[in-house]
Amino acid sequence: MAEKLSFEAPRGMRDFYPEDMVWRNKVFDAFRAAGEAAGFEPYDACVVESYELLARKAGEEVGEQIYHFNDKSERHLALRAEMTPTLARMVAQRQKELPFPLKWTTIAQCFRYERMTKGRKREHYQWNVDIIGEESILAEVEVIGAAVDALRRMGLTTRDFKVHVSSRKFLGELLAKSGIAAEKHAQVFLALDKRGKMPDSEIAAMLKDGGLSDADVEATFKIMDLKSYAGCAELEDLFRLAEIAGFADALQFDISVIRGLSYYTGVVFECFDTAGEFRAIFGGGRYDNLLTTIGGEPATAVGLGFGDVVVTELLKARLGADAVRAKKGVAVGFMFPEQRDAALKLAAKLRADGEAVDLSLKAQKPKKFFSHADQSAAAKAVFLGPDDVEKGVARLKDMATREEQEICLT
C-alpha cells in the first residue's frame, strides 16, 4: 500500500495562499518603490550557482549550510543562499564594460539549510541593494536610506525600528590602540559577533583561544561599552548626511554591531525592532574585497540584505490585519444565465476604464453574491437582474457605506 502523501510544504519552505500574498505584496511593493525612488537599477540572476563560487566566498564549511548537488554532467551546483556572490560574479564578468558606480537592486529567493528558529526559514526572499565602485560615505547613506524608506512605506516608523550602525575599521583602530595585533582582529570580530547569543564567559574563552591575553580580553570588553563614535570620521559623516537626508532619527550608534562575515571592511549596520522581539530586520555594510576573492578586479562596495520573513512578522505584530485589508475594485454578478453576456460586457467596460473586476462565473441569488462580495477584496459591487438589463441601468453599491449609484450598461 502506497504511503499517504503529505500535503505540507517541505520543512522550512513556505506556501503562499492569497491571504499570505497580500502581506508579501505589501513588502515587495515597498522594496521596489524604495529602490526605484533612490535610483537603483533592477537586476536578476539564476537561482542555481556553482558550488565553487559560494565556497570561495564563505569557505568550505558552506557545504553544511546550503543545498548542493551534482547535476547529470557531474557539475557541483548549489541553490544560492544569498545574492552577494552572484552579484560579484555578474560584475566581474563585465567589469571592463560596466559604467561605475553601479546602483543595483533585486528581490531574490534564497535557500539555506540550517536549524530553523523564529524569523528564520530554510527559504526566504531577500531584497538586495548594492552600490559598487564608490568610496564616498554617501554610498552608505543611499543604501541605508533606501532601506529606511522601504520600512516607512510599509507603515512602520522609527518608534518601531532602529538601524544600529558601527564601523569595522573604527573597531580595528580601537583594538590596535589597546595593543591587540591586527592579525588577531578577524578572530576578535568573529567572537564579538556572537555576543548576545552566548554568555560573555564563552566569548572570553573564544578570544583567549584566538591568542588574546587576559588583559587583551578585558580591554576588548571595555571597548564594547563605548557609547560614542567621536573621532571616527566616516561615522561622523554618515550621521551628518543622514540628518540632511531626513533619516538620522532612524540611526543609532552601536559598537557591538560586527557582522561576522569576513568580507566587511568599513561601516556595518543591522536594523532591529525597538521592542527587541525579533531577529535583525536587515543588515549590511562596506565590503572591499569580495570581487578579488572570486578573481575580479578590486572594487569597493556597500550593500545590504533585507529578508521578507522578519519584517512580515513585525508588520503583522505592529499594524495588524487591517493594514492589508484595503478594499478595491468591483464585484460583478448576475441572477440568471440570460444576464451573463451583459455582466461580461459591463466587466469588460469597467476593466477598460482601469477598474479591477471580479466577475462571477455563474448565476447566483443576490444574497449569496453580496455575501461573497462582502468577504472579498471588492470595494463596490454590481448585481444584474432581468429588470436591470432591460432598462440598461444597474446599481453600483459601495460595500462599506452601502450607498448606491446608477451606472449605464450600454
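Descriptive notes on the structure:
- Annotation: Ser166 fulfils all but one of (1) open to solvent by less than 10 Å² (accessible area, probe 1.4 Å); (2) among the hydroxyl-bearing types (Ser, Thr, Tyr); (3) farther than 27 Å from Leu315 by Cβ; the unmet one is (3).
- The helices (runs of 4 or more DSSP H) located wholly in segment 1-105 that include 2 or more residues which are farther than 26 Å from Leu315 by Cα occupy 51-58, 84-93.
- Checked against the criterion of being open to solvent by 20 Å² or more (accessible area, probe 1.4 Å), modelled with pLDDT under 95 and either within 30 Å of Ala139 (Cβ to Cβ) or assigned to a helix (DSSP H, G or I) (or both), the candidates Ala191, Ala215 yield just one match: Ala215.
- Some residue of segment 135-155 being part of a strand (DSSP E or B), among the acidic types (Asp, Glu), at pLDDT 95 or above and crowded, with 23+ Cβ neighbours inside 10 Å: no
- Residue in segment 355-365 that is under 24 Å from Glu19 (Cα atoms), free of Cβ contacts under 8 Å to residues at least 60 places away in the same chain and part of a helix (DSSP H, G or I) present: no
- For segment 17-46, the set of residues classified as surrounded by fewer than 13 Cβ atoms within 10 Å (Cβ to Cβ) and not aliphatic (A, V, I, L, M) consists of Tyr17, Pro18, Glu19, Asp20, Asn25, Gly39, Glu41, Pro42, Asp44, Cys46, listed by residue number.
- Being in contact with a strand residue (DSSP E or B) (Cβ under 7 Å, 6 or more places away or on another chain) and among the basic types (Lys, Arg) is a property that Arg318 lacks.
- Checked against the criterion of being open to solvent by less than 20 Å² (accessible area, probe 1.4 Å), assigned to a helix (DSSP H, G or I), in contact with a Lys or Arg (Cβ under 9 Å, 6 or more places away or on another chain) and within 22 Å of Ala108 (Cβ to Cβ), segment 313-325 contains one or more residues that satisfy it.
- Tally, over segment 115-134, of residues that are open to solvent by 50 Å² or more (accessible area, probe 1.4 Å), part of a loop (DSSP other than H, G, I, E, B) and modelled with pLDDT under 95: 4
- Reported count of residues in segment 326-345, each being part of a helix (DSSP H, G or I) and either out of contact with any helix residue (DSSP H, G or I) (no Cβ under 6 Å at 6 or more places or on another chain) or modelled with pLDDT under 95 (or both), is 7.
Here's the yes/no breakdown for (1) at positive phi; (2) touching a helix residue (DSSP H, G or I) at 6+ places or on another chain (Cβ under 8 Å); (3) of a type in the set (Gly, Ala, Ser):
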position: Gly12; (1), (2), (3): yes, no, yes
position: Pro18; (1), (2), (3): no, no, no
position: Phe31; (1), (2), (3): no, yes, no
position: Pro42; (1), (2), (3): no, yes, no
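- Residues located in segment 266-306, provided they are modelled with pLDDT under 90 and either open to solvent by less than 10 Å² (accessible area, probe 1.4 Å) or in a strand (DSSP E or B) (or both): Leu290, Leu291
- Here is the figure for segment 159-176: residues that are in contact with a helix residue (DSSP H, G or I) (Cβ under 9 Å, 6 or more places away or on another chain), of a type in the set (D, E, K, R) and in a helix (DSSP H, G or I) total 2.
The values are calculated or read from the model by the stated rules, or taken from the named source; none is laboratory data. The structure presented is a predicted model; accordingly, all values stated were derived computationally and were not measured. Note that we place each Cβ from the backbone using ideal geometry, even for glycine, and neighbour counts take in every protein chain shown. Note: accessible area is taken over every heavy atom of the protein model, side chains too, but ligands, DNA and RNA are not part of it. Shrake-Rupley method; radii C 1.70, N 1.55, O 1.52, S 1.80 Å.
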